[in-house]
Amino acid sequence: MTPHRTEVPTRILVVDDDPICRDMLAAVLEDMDFEVETATNGEDAYHRVCHGDFRIVISDWQMPGMSGIELCRKLRARRLGEYVYIILLSSLHGKENLVKGLQAGADDFLCKPFEPVELHVRLNTARRIVSLENRDLIVFSLAKLAESRDCETGAHLERMREYSKLLAEELSKMPKFRQEIDNDFIRAIFLTSPLHDIGKVGIPDNILLKPGRLTPDEFEIMKQHVTIGCKTLDAAYTACPSAEYLRLARDIAATHHEKFDGSGYPNGLAGIDIPLCGRIVALADVYDALTTKRVYKDAMSHEQARRIIIESRGSHFDPDVVDAFLRREEDFQAIRRNLDDNHAFCSSTPPIVTPANNPAGILAATPVS
Ligand SMILES: [Fe+2]
Ligand SMILES: [Fe+2]
């Protein structure tokens, strides 16, 4: 996944069981300066879209096994994936077939034989539509904007989404999570985990930026960042229920301070009542908070953070998530080394130095206590 992709997509997956048609189409597209990969059947195409980075698919209609129509239906049934523009190719003519293709989720329909110029024009439309959905960039920009009020500047969001992705990848290898964590889930947690603290925009300055320790009443207000974030993202999800990633974003915002033993907030959820995404992000967020230097504190070593995380296995953190962390701890260290605060998304913008750079603000924000 290329998280900051802004260019118009140029990679196309061509799906056709007929090698002559497939190679001809690939050659025509390459002449048009597209980057082309090919698949010989619907199953292979589906697998590639889920694991690759294709936003445009041109598929033959009739293929042995999974047909083009079935491929459309299957791609549209993905709940968390990015939008994929699908053009169906067929020698079938007639309105009936057109309607059938569109009903299955195809965006466009091209009858064989077709002129390259017609294909080119239609691909321009495809690129225009796909580039309208610069979802990843918008989501991350929103997260960075919200974070700019807080003291968690630098590359915190960049690192914690990598940690979240790593944990999800590792957990997906376990049979008990295989159903829930597919490739789309992994991409979506990478995309939405930076929104975990978006609700902090609703916390008054005198609390968010307070230079001293928060009083219990102030801490209660600080805790509301969770419900504010949840409500905001829930409203977005309600307005656009097909954008399933917003549900994941909402659940992360709502539950990243819950603890496995039920002692967290806001709802004191315990165990698997806490959505898996919240259990994953909780560890990723805390690990980064512990191992990062802030104005008011030095960074803990990986070993110190590791010890705290192990001690919190089953209390703060889901034991499976802790075990996944331990299996991938070298990768955690590599991310930490490679993504220091000079790698922040907005590194040209210096972090806002405010009284927020203080222990109390962070203590309230960081679920380690
Ligand atoms: Fe938070
Ligand atoms: Fe955070």
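The values are calculated or read from the model by the stated rules, or taken from the named source; none is laboratory data. What you see is a predicted model, and the numbers here were worked out from it, not measured in a lab. Note: ideal-geometry Cβ built from the backbone for every residue, glycine included; neighbour counts use all protein chains shown.
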Margin query: Any residue that is touching an Asp or Glu at 6+ places or on another chain (Cβ under 8 Å), in the same structural domain as residue 272 (by TED's automatic domain parsing), closer than 29 Å to residue 70 by Cβ and not hydrophobic (A, V, I, L, M, F, W, C) - is there at least one of those in region 153-161?
Written below: no
Margin query: Checking residue 205 against (1) over 30 Å from residue 52 (Cα atoms); (2) surrounded by 17 or more Cβ atoms within 10 Å (Cβ to Cβ), only one condition comes out false. Which one?
Written below: (2)
Item checked: Breaking point among (1) part of a helix (DSSP H, G or I); (2) within 14 Å of ligand 1 (Cβ to nearest atom); (3) at pLDDT 95 or above, for residue 200 -> (3)
Margin query: Quick check on residue 191: is it more than 16 Å from ligand 1 (Cβ to nearest atom) and in a helix (DSSP H, G or I)?
Written below: yes
Margin query: Exactly one of these conditions fails for residue 154: (1) part of a helix (DSSP H, G or I); (2) of a type outside the set (Lys, Arg); (3) within 16 Å of ligand 2 (Cβ to nearest atom). Give me its number.
Written below: (1)
Next item on the list: Would you point out which residue out of 305, 289, 299 is within 16 Å of ligand 2 (Cβ to nearest atom), more than 26 Å from the chain's Cα centre (by Cα) and over 23 Å from residue 136 (Cβ atoms)?
Entry: 299
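The rows are residues; the columns are (1) among the β-branched types (Val, Ile, Thr); (2) surrounded by fewer than 20 Cβ atoms within 10 Å (Cβ to Cβ).
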position: 99; (1), (2): yes, yes
position: 124; (1), (2): no, yes
position: 149; (1), (2): no, yes
position: 160; (1), (2): no, no
position: 164; (1), (2): no, no
position: 174; (1), (2): no, yes
position: 180; (1), (2): no, yes
Next item on the list: Name the single residue, out of those in region 245-265 being buried (at least 16 other Cβ atoms within 10 Å of the Cβ) and acidic (Asp, Glu), that is nearest to ligand 1 (Cβ to nearest atom).
Entry: 258
Note to self: Please verify whether residue 232 is within 16 Å of ligand 1 (Cβ to nearest atom), surrounded by 19 or more Cβ atoms within 10 Å (Cβ to Cβ) and either among the hydroxyl-bearing types (Ser, Thr, Tyr) or within 17 Å of the chain's Cα centre (by Cα) (or both), treating the condition exactly as stated.
What the structure shows: yes
Margin query: Quick check on my filter: what residues within region 210-223 are away from ligand 2 (no atom under 16 Å from the Cβ) and surrounded by 17 or more Cβ atoms within 10 Å (Cβ to Cβ)?
Written below: 210, 214, 218, 221
Next item on the list: Among what's in region 115-151 and is at pLDDT below 80 and not in a helix (DSSP H, G or I), pick the residue that is nearest to residue 76 (Cα to Cα).
Entry: 133
